[in-house]
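Remarks on the structure that follows.
What follows draws every value from the coordinates through simple rules; no lab data is involved. Since we're looking at a predicted model, the values are computed, not measured. So basically every Cβ, Gly included, is an ideal-geometry build from the backbone, and we count neighbours across all protein chains shown.
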2 protein chains.
Amino acid sequence: MTVTLADVAARARVSPATVSRVLNGNYPVAASTRERVLRAVDELDYVLNGPASALAAATSDLVGILVNDIADPFFGIMAGAAQSAIGDTGTGRAGGEKLAVVCNTGGSPERELTYLTLLQRQRAAAVVVTGGALEDPAHIAALTAKLAKLADAGTRVVLCGRPPMPGDAVTATLAFDNRGGGRRLTEHLLALGHRRIGYVAGPAERTTTRDRLEGHRDALAAAGLGGGGPEQDGLTAHGPYTRAAGYEATRELLARDPSLTAVVAANDTVALGACAAVREAGLRIPQDVSVAGFDDLPFSVDAVPALTTVRLPLHEAGVRAGRLAMGTDTPPPGGVETIAGELTVRASTAPPRA
Amino acid sequence: MTVTLADVAARARVSPATVSRVLNGNYPVAASTRERVLRAVDELDYVLNGPASALAAATSDLVGILVNDIADPFFGIMAGAAQSAIGDTGTGRAGGEKLAVVCNTGGSPERELTYLTLLQRQRAAAVVVTGGALEDPAHIAALTAKLAKLADAGTRVVLCGRPPMPGDAVTATLAFDNRGGGRRLTEHLLALGHRRIGYVAGPAERTTTRDRLEGHRDALAAAGLGGGGPEQDGLTAHGPYTRAAGYEATRELLARDPSLTAVVAANDTVALGACAAVREAGLRIPQDVSVAGFDDLPFSVDAVPALTTVRLPLHEAGVRAGRLAMGTDTPPPGGVETIAGELTVRASTAPPRA
DNA sequence: CTGTTAGCGCATTCAG
DNA sequence: CTGAATGCGCTAACAG
């Protein structure tokens with residue numbers, strides 16, 4: 001029923017070994033022979049048996065891309081870019097084609113580990129882990145151990161948009177400079193004259209959340225503000241990276257301190273919710289309250305008013321991660337590359353009212 | 001170096017077959033034996049060899065989910081829902097765990113076929129194809145043939161958000177009623193009193209584009225409008241499903257016919273661009289021009305003004321598709337289930353100026 | 001309920 | 001440059 005490599009060999013009047021060789025293209029084969037084999041492949045409509053091939057070769061052509069939330073364009077853009085960088089390697093024919101697949105962890109550490117195990121089970125050629133990490137020590141330990149095991153088995157491991165990890169399991173790390181970006185964003189607000197700035201942070205325990213918040217506080221401290229210490233000023237609220245969380249948190253912040261003249265959100269999605277809350281309170285953006293986000297997702301330029309934010313080169317980072325995973329790019333010295341965010345000023349921020 | 005099933009068997013003092021049985025859980029094994037095996041698995045930190053298992057069983061635990069654009073929440077939401085419906089089947093342990101992966105075709109028919117081949121090569125357990133289809137006959141034929149081959153090999157095929165296909169390869173299809181939704185949306189506009197309605201359509205040759213547009217024309221025709229025939233009225237423009245395309249097309253439509261009082265966009269993303277163009281022309285929404293979208297993506301409620309649109313139950317559809325792919329839901333009679341869209345009226349549409 | 005026996009389809013040695 | 005032989009690690013009958 002199902003045609004095998006042996007069938008192709010028979011039709012092309014060569015040995016199975018030869019067919020294998022032309023299919024994998026990593027061994028000299030006479031041009032005429034190759035022709036004949038390829039023709040037989042087409043005529044028989046033969047498709048290589050991946051599992052058999054992976055078993056014999058002890059490695060598969062699967063590449064896994066882990067994301068925290070597939071419905072979030074932040075991850076979608078990176079994953080799409082990585083996937084195309086990985087998939088576009090083939091010559092059109094199904095030759096050295098890798099199967100780049102994205103796995104959605106939903107931000108759950110257990111699912112992250114589960115997916116990694118599943119990928120390990122498949123003997124994946126590479127794994128790209130995107131997005132911020134949970135800071136829980138137990139999970140970090142488990143994750144480190146799992147990645148080490150993957151690396152041992154020959155799987156390349158690339159981190160994208162995530163801080164470096166201990167151990168030498170990781171092939172390359174592309175880290176976003178969230179702290180620097182957060183600092184520059186708040187410096188911008190301070191330069192405009194804002195002094196009471198609310199901060200809608202992401203979920204606690206996440207590196208992205210902490211780094212951006214620290215950047216914010218760095219700027220505040222450098223300006224001689226931020227007295228009272230972290231969290232105690234009542235100007236910070238935590239919540240998930242969702243529009244709804246941004247809305248709720250901003251409502252609360254506004255209620256707590258009506259003198260707020262600016263709100264910085266953990267990312268653009270959260271900023272959208274913040275905008276809704278500000279507007280609902282009868283305040284205008286940016287005349288009464290400035291609002292800023294982070295990431296510069298595609299919709300941010302269309303927000304009304306257009307969102308001031310920190311642009312992260314998500315597409316470029318994804319492409320680079322994909323290449324690193326393929327082994328076509330060489331890892332940066334030290335294995336870690338830090339990617340800066342670019343302050344992008346638009347209409348949602350302006351000087352506070354006099 | 002790498003621990004195999006035989007190692008586990010030796011440590012647990014049972015035969016390899018028994019180990020296989022407790023791991024797959026689809027065969028009676030004495031509780032005490034199972035205990036012993038599981039302990040050995042943990043102690044040895046054993047991970048099943050997927051390829052070997054797939055080779056022997058002639059089927060893998062891979063499930064592919066194809067999407068047109070992974071950076072688009074429309075697909076992200078469906079894919080995420082399907083993936084969780086598929087992944088949440090396990091008991092926590094890595095038992096009958098399926099590996100649900102999403103593949104980004106970028107809307108390219110070649111990549112769609114390539115991914116399907118790759119999935120076929122992996123002997124995927126199931127494939128979920130989401131989103132509208134290209135109407136090119138050659139591609140439809142190729143796709144039909146490929147799906148038939150997958151089905152022959154035992155792969156379950158589910159279509160989600162895509163019209164039914166010829167042949168009996170498809171296990172189940174969940175089709176969105178794009179035509180009905182499009183009709184209701186335009187009926188809403190007509191009821192408000194609009195008569196000159198621009199339509200920013202998606203790319204030609206796509207089922208989603210055509211169905212929504214036909215719905216629009218159905219409504220127009222029922223109201224005795226639409227004279228001059230399709231495309232000839234100068235009120236329709238085509239473009240990709242992007243914000244930029246919506247912006248460009250709307251600018252052109254507005255230039256072509258300044259008497260327009262409403263613009264219907266192919267989807268919410270396009271509607272966002274349309275809003276920008278309307279606003280840039282110095283017109284107010286909805287006082288001067290009403291704007292409507294389709295899909296009801298999360299950001300649509302946050303648009304200013306909030307977008308009138310047709311709500312599609314993307315999450316629910318994704319979950320159902322996932323279950324169908326797993327074989328835990330039974331296919332609808334006839335194999336086809338049509339999912340209706342719900343007209344969702346918000347602030348972006350209002351009666352035209354007198 | 002458990003052990004034994006055969007392959008699954010392919011990539012590699014190793015010869016020629 | 002090509003063919004023959006071996007085994008990758010596991011599941012699936014088949015017996016017990």
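Computed quantities for the displayed model
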{"quantity": "J(HN,Hα) series, region A:174-179, from Karplus relation 6.51 cos²θ - 1.76 cosθ + 1.60, nearest Hz, glycine and proline x", "calculated": "10, 9, 7, 7, 5, 5"}
{"quantity": "Size of region A:1-155 as Cα extents on the principal axes (Å, biggest first)", "calculated": "60, 31, 30"}
{"quantity": "Amide H partners (placed H, <5 Å) of A:Ser60, local residues excluded", "calculated": "A:Ala125"}
{"quantity": "Beta bridge orientation in the protein assembly as shown: antiparallel %, DSSP, nearest 5", "calculated": "10"}
{"quantity": "Nearest-to-axis residue of chain B, judged by beta-carbon position, where the axis maps B onto A, in Å", "calculated": "B:Val101, 2"}
{"quantity": "For B:Ala244, label point 7 Å along C-beta direction: distances to other copies, nm", "calculated": "3.4"}
{"quantity": "Separation of alpha-carbon centers, region A:289-352 and region A:180-214, rounded to whole Å", "calculated": "15"}
{"quantity": "Candidates B:Leu192, B:Leu324, B:Leu254: whichever shows maximal mean-square fluctuation once chain B is modelled as a Gaussian network with Cα springs under 10 Å", "calculated": "B:Leu192"}
{"quantity": "Summed residue charge, Cβ within 10 Å of B:Gly215's Cβ, Lys/Arg positive, Asp/Glu negative", "calculated": "+1"}
{"quantity": "Sequence-distant residues sharing a close amide H with A:Ala262 (under 5 Å, placed H)", "calculated": "A:Gly198, A:Ser290"}
{"quantity": "Note, ³J(HN,Hα) from phi for region A:192-208, Karplus 6.51, -1.76, 1.60, rounded to Hz, x at Gly and Pro", "calculated": "6, x, 6, 10, 9, 10, x, 10, 9, 7, x, x, 5, 6, 10, 4, 4"}
{"quantity": "Computed E for A:Ala10/B:Ala56 - FRET, C-beta separation, R0 25 angstrom, nearest 0.05", "calculated": "0.55"}
{"quantity": "Efficiency of FRET between A:Gln287 and A:Arg195 - r from beta-carbon atoms, R0 25 angstrom, step 0.05", "calculated": "0.90"}
{"quantity": "Gained length - B:Ser259 relative to B:Ala17, 0.36 nm times residue gap less alpha-carbon distance", "calculated": "79.5 nm"}
{"quantity": "Positive minus negative residues near A:Arg353 (Lys, Arg vs Asp, Glu; Cβ under 13 Å)", "calculated": "+2"}
{"quantity": "For chain A, fraction of C-alpha pairs farther apart than 36 Å, in %", "calculated": "35"}
{"quantity": "Residues A:Ser348, B:Ser108, B:Ser84 arranged by fewest to most Cβ contacts within 10 Å", "calculated": "B:Ser108, B:Ser84, A:Ser348"}
{"quantity": "Amide H partners (placed H, <5 Å) of B:Leu66, local residues excluded", "calculated": "B:Cys103, B:Val128, B:Val129, B:Thr130"}
{"quantity": "Average beta carbon contacts from partner chains per residue of A:105-117, 10 Å cutoff", "calculated": "2"}
{"quantity": "Candidates A:Leu343, A:Leu283, A:Leu312: whichever shows maximal mean-square fluctuation once chain A is modelled as a Gaussian network with Cα springs under 10 Å", "calculated": "A:Leu283"}
{"quantity": "Relative contact order (percent, whole number), region B:202-354, Cα cutoff 8 Å, 6+ residue spacing", "calculated": "19"}
{"quantity": "More than 46 Å apart - percent of Cα-Cα pairs taken over the protein assembly as shown", "calculated": "25"}
{"quantity": "Cross-link reach list, lysines versus A:Lys146, counting only Cα pairs under 21 Å and skipping chain neighbours closer than eight places", "calculated": "B:Lys98"}
{"quantity": "Top of A:Ala244, A:Ala124, A:Ala325 by mean-square fluctuation, Gaussian network on chain A, Cα under 10 Å", "calculated": "A:Ala244"}
{"quantity": "Three-way shape label, region B:178-313, alpha-carbon gyration tensor, a/c 1.5", "calculated": "rounded"}
{"quantity": "Gain in span if fully extended, A:Leu38 to A:Glu135, counting 0.36 nm per residue against the direct Cα distance", "calculated": "29.7 nm"}
{"quantity": "Kirkwood Rh in Å, taken over region B:5-44 so that all alpha-carbon pairs contribute", "calculated": "9.5"}
{"quantity": "Computed over chain B: relative contact order in percent, which uses C-alpha pairs under 8 Å that are six or more apart", "calculated": "17"}
{"quantity": "Per-residue HN-Hα couplings for region B:252-266 [Karplus 6.51, -1.76, 1.60; θ = phi - 60°; Hz; x = Gly/Pro]", "calculated": "5, 4, 5, 5, 5, 9, x, 8, 4, 10, 7, 10, 9, 9, 5"}
